[in-house]
1. Being more than 19 Å from the chain's Cα centre (by Cα), surrounded by 20 or more Cβ atoms within 10 Å (Cβ to Cβ) and not in a strand (DSSP E or B) is the filter here; which residues of segment 127-159 pass it?
2. When residues of segment 106-147 are filtered for being in contact (Cβ under 8 Å) with a residue 60 or more places away in the chain, more than 20 Å from residue 196 (Cβ to Cβ) and touching a strand residue (DSSP E or B) at 6+ places or on another chain (Cβ under 9 Å), how many remain?
3. Name every residue in segment 160-181 that is among the acidic types (Asp, Glu) and surrounded by fewer than 18 Cβ atoms within 10 Å (Cβ to Cβ), in order of residue number.
4. List the number of the failed condition for residue 328; all other conditions in (1) surrounded by fewer than 23 Cβ atoms within 10 Å (Cβ to Cβ); (2) hydroxyl-bearing (Ser, Thr, Tyr); (3) in a strand (DSSP E or B) hold.
5. So if I check each of 189, 172, which one is free of Cβ contacts under 8 Å to residues at least 24 places away in the same chain and of a type in the set (Gly, Ala, Ser)?
6. Run residue 343 past the list (1) more than 23 Å from the chain's Cα centre (by Cα); (2) at pLDDT 95 or above; (3) surrounded by fewer than 18 Cβ atoms within 10 Å (Cβ to Cβ); (4) not aliphatic (A, V, I, L, M) and report the number of the one that doesn't hold.
7. Identify, by number, the condition in (1) assigned to a strand (DSSP E or B); (2) under 22 Å from residue 88 (Cβ atoms); (3) of a type in the set (A, V, I, L, M) that residue 340 doesn't meet.
8. Determine which single condition residue 307 fails, assuming it passes every other condition in (1) in contact with a Gly (Cβ under 7 Å, 6 or more places away or on another chain); (2) on the phi > 0 side of the Ramachandran plot.
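The values are calculated or read from the model by the stated rules, or taken from the named source; none is laboratory data. Owing to the predicted nature of the structure, the values given are computational and were not obtained by experimental measurement. Cβ sites come from the backbone with ideal geometry, for glycine too, and all protein chains shown count toward neighbours.
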Amino acid sequence: MTTNRICALSSLVIASVLAACEAEPPAPPEPIDQPLGVCGHALYVITSDYQSSAVSVVSFDGEVLVAPFLSSASETPGLSVALSGDVVAPLSTTSGELILIDRFPAGVLTFADPKSGTVVAQTDVSTGFASNPQDALELKDGRIAVARYGENPTPGQAPFDSGSDLLLLDGASHTIVGQVELRSLLEDAELLPRPARLARNDEEVFVLLAAYSKDFLSGGDGRLAVLDGESLQLVNVIELSGGLGCGALALAPSKNRLAVGCSGSFSGTSEPTLEDSALFILDRAESGWALTRTIPAQELGQDPLSASIAFASETVLLAATFGRLADSGEQERPDRLLAIDLESAQTEELLATPRLPFSFGDVRCCEDWCFLTDADRSVLHRWNHEGGSFTGRRELQLEDGIGLPPRTLGAY
């Protein structure tokens, strides 16, 4: 919803579209043999103007390894469906392949092998309708769960075509092998589950449900569904009372703590409601997962939370907020990146947008580093996080020859 408004307002975006259209098709992707570390092999950064996309690979040290690796103009063997302008990466680190989620209206997952520089497969997960996939998660047994946000208004025409569910893919062949229905998890028949984010530990799979109506004009409190990691049978559903539009999920380093961010209700507008926005902290005990703390967004400032959060440590959470546009189209309040100490309740503002709100994208942390995509400055920010402090911020330019602003972060 905010996307359309930004695209209409920003002349920089229009210029980048023209530049992308005039650019020569890039060469096939260069192979990348990056060693496996504690956090994975490397990051991949998705840049987009919402009409076309590109993907670059960046090391955790901040070195741009390949830019771009793929783009909407690529003619790479195996890429039969070109990347659209609505491409994101999975929340969780993948085991070796880059997974690109082409959301709406395409409904396609692209699997790329960085070592060979090839596209391994593309899987259509629409099954006959605009399924709007939001996330993908590699399960312990090798299958891949895909969170499909969209609902099929006329199901029963093809296998696995109901929607608002988890679609299951075989990890080797990337073909559809099953489905997990989620509708029974909501008591209100007017609401759909709308799975938004996925995560897992060794025993469980976590599914964040945004709980919106068919027309998105109304919604209910978010839910966190806990599934058995092997059978995918329901273990528990935790209601996030007072949180609407829940779309951010983070798993702490210990994997015994979770955080959920809810942006509030949009109700058909481009700006969510502050009073329905909150952070929820859940901790694992012997009896299972329990909600241990709720932090209303009003305690963090004047703006609702955006759709990305990340644990910098067990007790420090990074969260971005949505800014606000004035009626003139100028920035009235900026996006802010906040470091929230969950023990002391102190909040530190690390960064704000200088010109255009709704520009901070994904935040991602591991070990002693954190990254943030910034479409306003068109850079990738990197911080060191040691001893409770965030230092040494660097602005990384991708210089991919395309010039699209960074939006989404993945890791493999």
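1. Residues of segment 127-159 that are more than 19 Å from the chain's Cα centre (by Cα), as a first pass: 127-129, 140-143, 151-159.
With surrounded by 20 or more Cβ atoms within 10 Å (Cβ to Cβ) added as a condition, the list becomes 127, 129, 151-152.
Within segment 127-159, 127, 129, 152 qualify.
2. We begin by selecting, within segment 106-147, every residue in contact (Cβ under 8 Å) with a residue 60 or more places away in the chain; these are 109, 111-112, 114-118, 134-137, 139-141, 145, 147.
Filter again for more than 20 Å from residue 196 (Cβ to Cβ), leaving 111-112, 114-118, 140-141.
Retained after the next criterion (residues that are touching a strand residue (DSSP E or B) at 6+ places or on another chain (Cβ under 9 Å)): 111-112, 114, 117-118, 140.
So the answer is 6.
3. So in segment 160-181, the residues among the acidic types (Asp, Glu) come out as 161, 165, 170, 181.
Within segment 160-181, 170, 181 meet the criteria.
4. (3)
5. On the way: 172 fails: free of Cβ contacts under 8 Å to residues at least 24 places away in the same chain.
Matching residue, one of 189, 172: 189.
6. Tallying (1) more than 23 Å from the chain's Cα centre (by Cα); (2) at pLDDT 95 or above; (3) surrounded by fewer than 18 Cβ atoms within 10 Å (Cβ to Cβ); (4) not aliphatic (A, V, I, L, M), residue 343 fails exactly one: (2).
7. With (1) assigned to a strand (DSSP E or B); (2) under 22 Å from residue 88 (Cβ atoms); (3) of a type in the set (A, V, I, L, M) applied to residue 340, the lone miss is (2).
8. Every listed condition holds for residue 307 apart from (2).
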